[in-house]
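Enquirer: To start, I am sharing the structure in question, which I have written as structure tokens.
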DNA sequence: CACTTATGGAACACTTGAGTTCCGGAACTG
DNA sequence: CAGTTCCGGAACTCAAGTGTTCCATAAGTG
């Protein structure tokens, strides 16, 4: 898990883990930290392929070329491993806020640069995690908050600057605006099986977000 | 399952069922057809509360006040029962296409009249069903197609008429337009836990769909 | 070197839940 | 009436999968 994560998520991830390896200096084989990421990557792949219900720890261990005991030395349960794997699937962006001179340029630049963590597999991982959320309210809260805030944190600075430039109508609710792209992208991921690739995002920006941002609410022209 | 369903879904539902009860006339107690709907209602409730992973046939039977054998006389497996329950959760609307004289009026009237099947529990049921879709491509296809087409079938006639009235810009792609509301409603359901109630829908219509419909794509005013 | 900890693979324990069968009673036919 | 099918509740079967333990080997410390 990258160390730029918010405290709340770090605490949640800690709660998903077993006690750490033996401290250095006592002798003994050191724990290979790379294995954690490899195991989680394998877990995520299996999760996306066959879903949470059919996923077994045996399958994850085989995929990761690890012993099952290696998995259980790190995570106390299947649920904990899968939860952490899905939470870590999309790293936070450390992109600087672009300033291309136009809202369209900013949006396209930002989303191109942030392709890694709006990667479709993140959305699929979250979808695959949805079924266990009813039984785990803390995790549900973190997943929801994280998924909601990620896109919004990316989009709101751009929309705000667009408003200053006069590209976003002054009466526009930026919170609501920032929901449009993630909503449509997520819907595509879940239902349309259309890859959320740069051409699609560009189309959504051009045909949906930009015209909407520039228009006033409640046009009532009809 | 209402008999207005498309053939594909009916075939899919038939495939989810065990052979029917003994034909009438042979004597023996008749099967109570009301129990089917009651059992599925119970299944849906449990599904939404605790998710597919934790749902047990015992829990559904208890909730439905039925014997487990009663469930298995109708459905061959847990998966089949849950799949049919979720598919039937939202009945198709038989609403007439409203004509209020304005796109806004049409949208609000249609969505108010169709509240039953855009009920949030339908979306939650579909979400809860997502985990079994990777292992069941036919069902996945039906769920996706059905969920996609339902809102679109409702919205497209209204948008088309709006275009005739000059309320929808002639360059507007109606397929894409018809995706905006369902996308945002679904996102709210899954992540924001905000009830998709008439005030929210009205707000989405006023602040998102109507201004968007009236505006041309690619404004490039920035 | 002895001692320690981590590893993968295998064997193991056990419980949970899907699915099946049984049975007394209910609801039907001829 | 006898025979038939459905019902709910209970008992049952069994295997799959979670989670645990074992062990030879590997990778460290002092």
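Enquirer: With a Förster radius of 35 Å, plug the Cβ-Cβ distance of residue B:56 and residue A:26 into 1/(1 + (r/R0)^6) and report the FRET value to the nearest 0.05. Walk me through the intermediate numbers first.
Expert: Working: r = 46 Å, r/R0 = 1.31.
Efficiency for this residue pair is about 0.15.
Enquirer: Within 10 Å of each Cβ in peptide B:47-60, how many partner chain Cβ atoms are there on average? Round it to a whole number, please. Don't skip to the answer; put the middle values down first.
Expert: Values: counts 2, 1, 2, 4, 9, 7, 8, 4, 2, 0, 0, 0, 0, 0.
Across the residues of B:47-60, the mean count of other-chain Cβ atoms within 10 Å is 3.
Enquirer: May I ask you to report, in nm to one decimal and beginning with the shortest, the distances from residue B:69 to the same position in the other copies, taking label points 7 Å along Cα-to-Cβ?
Expert: Ordered by increasing distance: 4.7 nm.
Enquirer: Right, something else. Calculate, axis by axis, the spread of Cα positions in chain B along the three principal axes, and write the results as whole Å, longest axis first.
Expert: 71, 38, 30
Enquirer: Normalized C-alpha radius of gyration of the range A:141-191, against 2.2 N^0.38 Å? Before the final figure, lay out the partial values.
Expert: On the way: Rg = 12.3 Å, N = 51, 2.2 N^0.38 = 9.8 Å.
After normalising by residue count via 2.2 N^0.38 Å, the value is 1.26.
Enquirer: At a Förster radius of 25 Å, what calculated FRET efficiency corresponds to the Cβ-Cβ distance of residue B:33 and residue B:77, to the nearest 0.05?
Expert: So the FRET efficiency works out to roughly 0.75.
Enquirer: Tell me the distances, shortest first, between residue B:171 and the same position across the other copies, using label points 7 Å along Cα→Cβ, in nm to one decimal.
Expert: List, nearest first: 2.4 nm.
Enquirer: When Rg is the radius of gyration of the Cα atoms in the range A:103-214 and Rh is its Kirkwood radius, what does Rg/Rh come to? Before the final figure, lay out each step's value.
Expert: Working: Rg = 14.7 Å, Rh = 14.8 Å.
That ratio is 0.99, to two decimals.
Enquirer: Also, I was wondering about something else. Once you put a point 7 Å from the Cα of residue B:15 and another 7 Å from the Cα of residue A:171, both along the Cβ direction, what distance in nm separates them?
Expert: Placing both labels 7 Å along Cα→Cβ, they lie 5.1 nm apart.
Enquirer: Can you tell me what the convex hull of the Cα atoms of the range A:23-86 projects to on average, as an area in nm²? Don't skip to the end; give the middle numbers.
Expert: Details: hull surface 17.5 nm².
Seen from a random direction, the Cα hull of the range A:23-86 projects 4.4 nm² on average.
Enquirer: Same structure, new question: What whole number of Å gives the distance from the Cα centroid of the range A:55-70 to the Cα centroid of the range A:14-52?
Expert: About 11 Å separates the Cα centre of the range A:14-52 from the one of the range A:55-70.
Enquirer: Which distances in nm, rounded to one decimal and ordered from shortest, link the label point of residue B:153 to the equivalent label points in the other identical copies, with labels set 7 Å from Cα toward Cβ?
Expert: 4.2
Enquirer: Under the definition of Cα pairs under 8 Å and six or more residues apart, what whole-number percent is the relative contact order of the range B:155-216? List each step's numbers first, then the result.
Expert: Numbers: 38 pairs, mean separation 26.0, N = 62.
Normalised by residue count, the contact order of the range B:155-216 is 42 percent.
Enquirer: Could you work out the helix-only [θ] at 222 nm for chain B, with each DSSP H run of four or more residues adding -39,500 (n - 2.57) and the total divided by the number of residues, to the nearest 500 deg cm²/dmol? Before the final figure, lay out the partial values.
Expert: Values: 11 runs with 132 residues, N = 222.
Computed mean residue ellipticity for chain B: -18500 deg cm²/dmol.
Every number in this text was worked out from the coordinates using simple rules, so none of it is lab data. What you see is a predicted model, and the numbers here were worked out from it, not measured in a lab. All Cβ positions, glycine included, derive from the backbone under ideal geometry; neighbour counts span all protein chains shown.
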